[in-house]
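Asker: The following block contains the structure, expressed as structure tokens.
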Amino acid sequence: MEQLITIELFGRPYTFKAESELSEAEKAADLLVKEVAKIEVQLSSKSSAIIPEQTILILAALNIAGENYKLKKKYSDLAQEMAERSASLIQTLDMDAY
């Protein structure tokens, strides 16, 4: 069964098909809505000019992509550290066995 999610951005509804588990897709959609709202507040406090919706969406996407990159880097660094520690422990255990 096709699962659809509707979010509201800039006063208009946007509906899309959930490619992943529905709860995950809803969380991702909520993240976008919150990021767009945050960018709107930040930009409106800095300027009285009307900021194009596309600019707000691009800034929100860049913020989310930046956070995603940081998390992936942190995960990669942690996985590398765990692999090095595991190798060290295995080496220590092997030496103790002889």
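Asker: Filter segment 17-50 down to residues that are among the hydroxyl-bearing types (S, T, Y) and surrounded by fewer than 10 Cβ atoms within 10 Å (Cβ to Cβ), then give me how many there are.
Answerer: 4
Asker: Of these, A60, A83, which one is at pLDDT 95 or above, surrounded by 10 or more Cβ atoms within 10 Å (Cβ to Cβ) and touching a helix residue (DSSP H, G or I) at 6+ places or on another chain (Cβ under 8 Å)? Full working, then the answer.
Answerer: On the way: A83 fails: touching a helix residue (DSSP H, G or I) at 6+ places or on another chain (Cβ under 8 Å).
That would be A60, the only listed residue that is at pLDDT 95 or above, surrounded by 10 or more Cβ atoms within 10 Å (Cβ to Cβ) and touching a helix residue (DSSP H, G or I) at 6+ places or on another chain (Cβ under 8 Å).
Asker: Is it the case that S45 is assigned to a helix (DSSP H, G or I) and either closer than 26 Å to I5 by Cβ or among the charged types (D, E, K, R) (or both)?
Answerer: No; evaluated as a whole, the condition is false for this residue.
Asker: Please verify whether segment 6-16 includes one or more residues that are closer than 20 Å to N68 by Cβ, of a type in the set (D, E, K, R) and loosely packed, with under 15 Cβ neighbours inside 10 Å. Walk me through it before giving the result.
Answerer: So the first thing to find is which residues in segment 6-16 are closer than 20 Å to N68 by Cβ, and the list is 7, 9, 16.
Still in the running and of a type in the set (D, E, K, R): none.
No, segment 6-16 contains no residue that is closer than 20 Å to N68 by Cβ, of a type in the set (D, E, K, R) and loosely packed, with under 15 Cβ neighbours inside 10 Å.
The values are calculated or read from the model by the stated rules, or taken from the named source; none is laboratory data. These numbers were taken from a predicted model, which means no experiment stands behind them. Cβ sites come from the backbone with ideal geometry, for glycine too, and all protein chains shown count toward neighbours.
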